[in-house]
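A.B. asks: Quick one: the structure is below, and I'll ask about it shortly.
The values are calculated or read from the model by the stated rules, or taken from the named source; none is laboratory data. No experiment lies behind these values; they were computed from the predicted model shown. Because the Cβ atoms are built from the backbone with ideal geometry, glycine has one as well, and the counts that use them run over all protein chains shown.
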Amino acid sequence: MLNIAARMTEVINESGFTAGEVAVLAGYHPNYLKQMHAGKIRWTEQAVDRIGKALDLEVKLVIQPIGG
């Protein structure tokens with residue numbers, strides 16, 4: 001199952017920045033990122049892309065057969 005929230009949390013934790021710092025780097029208010037972390041609002045494609053760019057990461061979706 002695709003769990004974007006869990007993976008984005010890992011990426012942010014591994015970045016060396018606080019979640020608030022990442023939010024600001026991505027152009028968001030820290031409370032917006034907190035709400036996404038808490039599951040109160042969904043992670044959007046735009047949010048994932050902006051946070052990825054702020055952390056200098058490539059974000060892509062790979063679809064392949066199971067076991068492939």
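To keep it simple, each residue is scored yes or no on (1) under 10 Å from the mean Cα position of the chain (by Cα); (2) surrounded by 11 or more Cβ atoms within 10 Å (Cβ to Cβ).
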| site | (1), (2) |
| --- | --- |
| Asn3 | no, no |
| Thr9 | yes, yes |
| Glu14 | no, no |
| Phe17 | no, yes |
| Gly20 | no, yes |
| Lys34 | no, yes |
| Lys40 | no, no |
| Asp49 | yes, yes |
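A.B. asks: Just wondering, is there one or more residues in the stretch 52-61 that are surrounded by fewer than 15 Cβ atoms within 10 Å (Cβ to Cβ) and small (Gly, Ala, Ser)?
C.D. replies: No, the stretch 52-61 contains no residue that is surrounded by fewer than 15 Cβ atoms within 10 Å (Cβ to Cβ) and small (Gly, Ala, Ser).
A.B. asks: Quick check on my filter: what residues within the stretch 18-38 are in a loop (DSSP other than H, G, I, E, B), on the phi < 0 side of the Ramachandran plot and either at pLDDT 95 or above or touching a Pro at 6+ places or on another chain (Cβ under 9 Å) (or both)?
C.D. replies: Within the stretch 18-38, Thr18, Ala26, Tyr28, His29 qualify.
A.B. asks: Any residue at all in the stretch 57-67 that's of a type outside the set (Phe, Trp, Tyr) and touching a Leu at 6+ places or on another chain (Cβ under 9 Å)?
C.D. replies: Yes - at least one qualifying residue is present in the stretch 57-67.
A.B. asks: Next question, about the same structure. Test of understanding: among Val48, Val59, which residue is in contact (Cβ under 8 Å) with a residue 40 or more places away in the chain and of a type in the set (A, V, I, L, M)?
C.D. replies: So the residue among Val48, Val59 that is in contact (Cβ under 8 Å) with a residue 40 or more places away in the chain and of a type in the set (A, V, I, L, M) is Val48.
A.B. asks: Can you go through Ile12, Ile41 and tell me which one is farther than 28 Å from Ile66 by Cβ and part of a loop (DSSP other than H, G, I, E, B)?
C.D. replies: Only one candidate passes the filter, namely Ile41.
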